[in-house]
Every structure is written in C-alpha cells, then in structure tokens.
C-alpha cells in the first residue's frame, strides 16, 4: 500500500529549495536612493515573533460579496476567505504546499492508486454538537457529482469517481475509475452537514447563507453588500485563532480600502503596484501600516492559438517569446518585484526546474527565426508576410486589468519594430472568456492563478484537453509532452514525478506554446497592530492554518497622528 | 341639439377617464417593447453566466464542457423565444425568478438593496433642489450680474469635476486626515442604538449625498435661472412690483412660478432615477444599493436580476410619465383632447 506522507516530505523538501530561490531573488533588489527600501521579498514567518495578544476583532477586506457560503457551490476568492474560518477541509495544504491531515486524521491509497480511504478525526464536531461523520463526507461528494448542482471548482476533481461510500461512522472510501497520482488533491475539500440539508432544496436552503461551522470560528451574520461577521466557535478543539471576532467588510475599490486602512476600519487589504508606490512616500501610512510582499504561484502569460496558421510554427512562437523584453518589464512595470518564468509554473512550485533558463530577449535572433520560417516583408508595407498573408493579429486583453494592458502595449510596440502588427483589444471579462474558450482568438493576455498546490499540467496542456472538453486553450499539442503528462499522472512516486515535470518544463520552454511572462509579487498592506503573519506560495490564506496565526494588539481606533 | 348638450355634460370626468385609459393602453405596448429589447440585449450580449465565473485576477479556469453543463442548469440551452415566453409567464404572476448567482428570489435581492438607494438618491434630489432653486432665482433676478456670473463659474466647475476624483479627495480630507466623517458603508459596525444610530446613519450618508448632489446643481440652477430671467421682464412681474410687492416677493411668487412648470415636468422624468443607483458613488462608498447590484449582475451575467431591475426601471419611468401627463391634463383641459 502506497502512503502519501512520503509525498508530503518530498514536497516539503522541494518547497525548501523554492524558499532559498525566493530569498535569492529578493536579495537581488537594490533600492534606488530616491525610493523607500523595498520590503524583503520571500517567505515571511512571524508565527514565533512577539507575544501573541488574545482577543479583539480582526477587520478583513473582501473585494466582492461571496455568492454563497455553501462550500460545494463556491466559485471565487471571497467565499474561500470566509469559509476557511468556518468549514474545515478533509485535507489541507500547509505553508509548503504539502497535503496535511485536516478533518481526516489519516488516509490510505490502494496499491493500484485508484482507491482512497479516509479516517475522520474522532473528536470532529459541528457547532450544534453533532459529530462530523462519514455520512457528511459521502453526502458532500455525492452532491458534487449531482448533475443538478453547479460546482465548477470541485466537479472536475471528482469527475472520475466510480464509487463513494461510508465504511463506518468515521471512515469512508472513494474509488476512481483510473489511476491518477494526483487524485489526493481533490480532498482539500470542506464538508457539508448532511442533516441541515435533509428535506431541503440543496441550492436554496438557508444553510447556504448561514453555514454550520465545524471550524475555529462560527457564522454570526451577513449584511448583504456590507459585511460578514464570525466569532469563535466554542465547540472547536483544534488550533485556536487569536481574535475573538473576524469582521469581513466588503469594499470594492482598492483606493478606498487603502484609505480605510489608514483610518483604521480595515486591518488588511491587497494592494496593487501604484498603491504600493504611494504608500512608500505616505508618512501617514508608514506610521500605522506596513506592506507585506511575497511570491505565490500565480503568473501571467500571453496565450497563442497554436491552431492558428500564424502560431502553428514553433519558430514563430519562439520568436514571439524572444521579442518580449521581460527584463525591462520586470524593471519598469513591476519595479523589480517579479520573476521571469520559462514554463507553466511559478518558480516556487516544485514542478519548476530552475535549471531551465528562459529564452533571452533577442530581437535579432527572433527576426532571423521569422525570416527562416518564410515570414518576410515582401510587399514593403512594413509588416512581414508569407504566401500573401500578413503577420498581424489582435491581442485580446481583459478590460479590467491595467497592469496587463501596459504589458500588452509594450509587447505590441516591440513586435511592430520587428514587422509584426499586433492590435491590443481590451474586452469585457465574460465576453473575453467566451472567445478564448471557443478558440476564436490569435493571441490573448491572461493570468494564471493557482488555487491549490496541484502542479498537474494535464488539464491545461494535454492535446486531449482542447476546448470544449478541457482547458488547453492554447490548443498546444506535442506527442512527447502528452506522453510525459500521462506518465506523471500514473507515477505514484513523487520524486520521479517531479523529474517528469522537469523534463516537461524543458519541452515547454523550447516549444514556447505561449509567451510565459512573469511571476509577479503579491502585495498586501497591514495595520502594524497585526502580527503573526505567515506567507506561503499559496498566499496568505490559501493554506492551513493561514490567518489563524495572526493576532492583534488592541485597535488604536484613531491613528496616532490624529490623536495629538 | 340634445346630443350636443350630453356631450358637453359628459366631457369633465369622462374625458379624463377616457384619456387615462388611452394612456394606460399605450403604456402597455411601450412596456412590452422595453422588455423585449432588454431581454434581447441581455441575452445576445457576448458571454454567459458560466463564462463570467471568476475574474481576470482569480483565473480559476472552468472547462467549456463544465460551462455547457452550467448553461444547461440555468436553462440557457433552450431556444431564446422559449426562454422569453417562460420569463414573461413568470413576470405575469409577479415572479421575477431566481438569481443565477446566489439562487435567491430576484425580488428579495432588489428589496434588500432598494432602501439604501432610495435614501441616498432621495436626499441627493432634495438637497439638489434646496440648493439649486435659490441660486437659480437669485441669479435670474439679475441676469449677467456678479452673482449670476460667479455662481455660473462655480456651478460649472463643480459640474465638470469627475465624481470618483472628488469622492476620493473628500474621503482623504474629511475621513482620513480629519476623522470627521465615516469613510464608507451605511452604518458603523457595531451600529449604535436609538438616536445615536440615526446620527450614525446620517453621518454615513453625508459624503455620498454630497457627491451625488454637487454635479447636478448646475443643471437645475441654470434651468430655474433662465425661467426666472425670462419672466422677470414680463408685464405680470412689473405689475406685481407696481402693486407694491418687494423685489424678492415678486421674484419668488411670480417669476419663479413661471420657471416651476418645466421643473415639475422634468421632476416627473427624474423620479424613476431614484431607483437607479449610481454605480460609481455606490462602489466608492461601498453603499449596498441597486447601482452596485445592477453593475455586478451585468458583469456576472445574472440575467434574471438584470431583467428584474430593467423591468422595475421601465415600470417606474412609465408610471412617472403617466403621472406627469395626468397632472398636466388636470391642469390644462386642452391636453386631454389632443392626448
């Protein structure tokens, strides 16, 4: 019987390596004399710094309103931020991306890699005193499988389930149709209380907006478009949070959240580059707040439609990568806090092989590649052409993101110098997605947000996963890469699996299926009263115990400058 | 002869009733037209509730197959005419359906956001009139005088100040630096009870109301000004002055009345605007109103909510126009015959 703890150890080792990487990247930043010193990048672990203060209220910001507090129906970040305090998961990701026991105290994987058995914590209870049972787990997974239940986050993870059933009150088994070393990642899954749903319509029951807790905090109230309040769950026996109450306030605008931080009505908010620049020169900010900056697993890229006659040729795609001046983008757009990537993972993912150096910025070599591929300016109109077709295309961009827009414009300008005409076309998000999905695009600027530590490239790069089946939106196909991705899924030994990923990484770099751009830092601002922060490649709260380690000195309701 | 006298007798109330019925009969197809257009606009716009999942920043990618499943769940794979008839059938039973986003009844979501928007827009309209009318009357009393010119400059400067910029500026100044007013939201958390609670709510209203008010001052003040300025030169004002009324009395009682008519007509058209929140102000002040609900629903392609809010807006506009027509007809019988 193959056990997973080995995987955990290896992932942890890999994460340690990643941590050194991050530290190295951080030390390369030399602040110019005119700017405030950039905060050190890399992992932050204040969990042992200072003496935690117990009690008080933590005021957190939500960018938008959660659509639901039913864990199975969740679709976005706001839901996850609230549910993390209320709904414990079977398994958790720890700060180093490894799977750790959550509501399940242990789990076993069968010899053939298809069956998972979970054993729940004996003392896990719901807020109403009932035990958390295998019935709840089976109910939750069956609801995910129910075709009438929209569960876009979990459905793909459980699509391959053959059987799910309880063994006894505290254990259950899930059998998948195919062996896949990565099935375990599906069980980073919060559970629903079956009893609360019995006899109610699943999508409409009150429970979805007032969830029963089995975690460290319990739900108190939700004012639509205003706030969500949580308080300690007295029945909780695991790792305790330091605050008595957690108050989430819904503040849609970044610049307003920044002011709320200065004013003291929020304790934390994510910020963007421009607010970070502003905070450095803002004395009021420096007196009460600090910037927390680190790398996570997100990255951005420019998707190329590999089925388009323009980008079917690998040398054209490589030329595209070599025409994007990524070092300059890191310097100017990200003020140094971004890392160039050479494949479909961020540098802190164990799947990323730091030995695979990115293709250089080299317009001359790129021009030669294009010449050799037959793209020359034969009609003298300034744009390269081949067989009567001009090398020109629309570069689609999501209208919402400004940083992305700047990058697209820089790229288009660079391409124009080499005789490629790219027109940047900002489109509203839902319309944008629809075009990408339909393969109705040539190039598109996209961001990749990793919601968990699963590095499996299969759904995004395997040739069987072209839309509409999957999300290989670049329509990338390479038989050698396909074979390796299949092998990785079958390989139960995590060290060998990492080797396969590293080989894949080299292929991705050389094939340049898309233009991999950078892994930019995540930026947050915190009131200085909050301590105990721990960051991870999964962000500030994508892991366990995440924000539970935070604590706060009593809130200075007025900020110090105002008081005197 | 006999017939004629009957007709004369009938005119009064019956004419009015006939006029009303005719107007309502006309309103029904108009409303239907609005509904059809909105329905088509909403459904033919690119994107769908399934593609709106996530955002550029949280790029959780959902496969097209999973999206197709969602479309089926929402009934979006049915032909458009069928969806329209189903929706219309529900609306006829006063059921606006359920939100795709949180599965709650659309009417409940609208009811939740309505008071916040009504309070905000109602107060803003009140202050706009309370400030703009005296300015307009004073300016119209002496056209091209120093007050007229000075107020014009100030009002147009305000009119051309972008609201997001002004809002952030007053927030920084009054909330962050001076700490006089709350930054955002409708009440403090926890909200104080009783009289202090009311004061707390009013304090939260102050800035958003200001931001909604300052930009529309110019419009109303200039409207009143031109009416007053025009009337001021006319005989009835001169006569009033000759009767011994003071300038102020003559302006307010006589000249202003002249300016009141277009203002009242305009108000009829503005009242439905009370229901349509201001997206920018509501977002900046994190105000839980209809503007944000509408905006978010469009982004997430929450068709039932978008349709519900559009229907509400359409009905309110038609009702207000109808009311304005009736009021005018009551005042001026000539309108009944032609209308």
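The range A:233-312 and the range B:256-287 have Cα centres lying 36 Å from one another. Straightening the chain between residue B:16 and residue B:88 buys 22.8 nm, computed as 0.36 nm per residue apart minus the Cα-Cα spacing. If a paramagnetic tag sat 7 Å from the Cα of residue A:200 along the Cα-Cβ line, which residues of the range A:119-149 would have the backbone N under 15 Å from that point? Of the residues in the range A:119-149, A:127-128, A:140 have backbone N under 15 Å from the label point off residue A:200. When only alpha carbons of the range A:280-426 are considered, Rg and Dmax amount to 18.1, 64 Å. The alpha carbons of chain B give a radius of gyration and a Dmax of 25.4, 83 Å, in that order. Suppose R0 equals 25 Å; then what is the FRET efficiency for residue A:166 and residue A:108 from their Cβ-Cβ distance, rounded to the nearest 0.05? Computed FRET efficiency for residue A:166 and residue A:108 comes out at 0.95. Once the mean of 1/r is taken over each pair of separate Cα atoms and inverted, the range B:289-328 shows a Kirkwood hydrodynamic radius of 11.1 Å.
Centre-to-centre, using Cα atoms only, the range A:72-94 and the range A:173-205 are separated by 13 Å. Extension gain for the segment residue B:72 to residue B:191, taken as residue separation times 0.36 nm less the Cα-Cα distance, is 38.5 nm to one decimal. With all pairs of different C-alpha atoms in the average, the Kirkwood value for the hydrodynamic radius of the range A:200-266 is 13.9 Å. The distance between label points at residue B:170 and residue A:130 comes to 5.1 nm (points 7 Å beyond Cα on the Cα→Cβ vector). Considering the range A:349-502, its Cα convex hull presents a mean projected area of 11.3 nm².
Note on the range A:471-526: Kirkwood radius taken over Cα pairs, Stokes-Einstein applied at 4 °C and 1.567 mPa s, translational D equal to 98 µm² s⁻¹. Could you give the alpha-carbon Rg of the range B:234-287 over 2.2 N^0.38 Å, rounded to two decimals? Rounded to two decimals, the normalised Rg is 1.89. Rounded to two decimals, what ratio of Rg to Rh does the range A:81-151 give with C-alpha atoms and a Kirkwood Rh? For the range A:81-151, the value is 0.99. Evaluated on the range A:130-254, the Kirkwood hydrodynamic radius is 16.8 Å, with distances taken between all distinct Cα atoms. Rounded if a/c is under 1.5, else prolate if a/b beats b/c, else oblate: with a ≥ b ≥ c from the C-alpha gyration tensor eigenvalues square-rooted, which is the range A:68-191? Rounded shape, in that the Cα axes give a/c under 1.5.
Using bins of 10 Å that start at zero, the share of Cα-Cα pairs per bin across the range B:200-311 amounts to 12, 28, 23, 19, 12, 5, 1, in whole %.
Spherically averaged projected area of the convex hull of Cα atoms, the range B:60-147: 12.0 nm². Grouping the Cα pair distances of the range A:369-409 into 5 Å bins from zero gives a pair-distance distribution of 5, 21, 20, 12, 12, 15, 11, 4 percent in increasing distance order. Note on A:72-84: average number of Cβ atoms from other chains within 10 Å of each residue's Cβ is 2. Computed from the C-beta positions of residue A:381 and residue A:480, the FRET efficiency with R₀ = 41 Å rounds to 0.60.
The convex hull of the Cα atoms of the range A:201-323, projected and averaged over all directions, covers 14.3 nm². Here the range A:44-91 is treated as a Stokes sphere of Kirkwood radius computed over C-alpha pairs; at 10 °C and 1.306 mPa s its diffusion coefficient rounds to 121 µm²/s.
Shape analysis of the range B:118-211 yields a ratio of the Cα radius of gyration to the Kirkwood radius, Rg/Rh, of 1.08. Sorted largest first, the principal axis extents computed over the alpha-carbon atoms of the protein assembly as shown equal 106, 78, 72 Å.
Sorted largest first, the principal axis extents computed over the alpha-carbon atoms of the range A:445-564 equal 69, 34, 26 Å.
Here the range A:399-452 is treated as an ellipsoid with the same Cα gyration tensor; its semi-axes, largest first and in whole Å, are 22, 14, 11. Compared with the dominant principal axis of the Cα atoms in chain B, helix B:290-299 is inclined by about 40°.
Please give the FRET efficiency for residue A:405 paired with residue B:45, using the beta carbon to beta carbon distance and R0 = 30 Å, rounded to the nearest 0.05. Computed FRET efficiency for residue A:405 and residue B:45: 0.85.
Converting the Cα gyration tensor eigenvalues of the range A:414-509 into ellipsoid dimensions via √(5λ) gives semi-axes, longest first, of 29, 17, 13 Å. Once the Cα atoms are used to define both axes, helix A:77-86 deviates from the longest principal axis of chain A by about 30 degrees. Does the range A:340-397 come out rounded, prolate or oblate by the C-alpha gyration tensor, with a ≥ b ≥ c the root eigenvalues, rounded set by a/c under 1.5 and, if not, prolate when a/b is larger than b/c and oblate if not? Note, shape of the range A:340-397 comes out prolate. Ordering of A:451-464, A:476-489 by packing is A:451-464, A:476-489, highest average first (other Cβ atoms within 10 Å, averaged per residue). Alpha-carbon geometry of the range A:383-428: the Rg and the Dmax are 11.8, 37 Å, given in that order.
Compared with the direct C-alpha span, the chain from residue B:246 to residue B:142 gains 36.0 nm at full extension, assuming 0.36 nm per residue. Each residue, residue A:438 and residue B:130, gets one label point 7 Å from its Cα in the Cβ direction; the gap between the two is 5.3 nm.
Bear in mind these aren't lab numbers, they're just calculated from the coordinates by the rules spelled out. None of the values given here were measured: they were computed from a predicted structure. Counting neighbours? That spans all protein chains shown, and the Cβs are built from the backbone with ideal geometry, glycine included.
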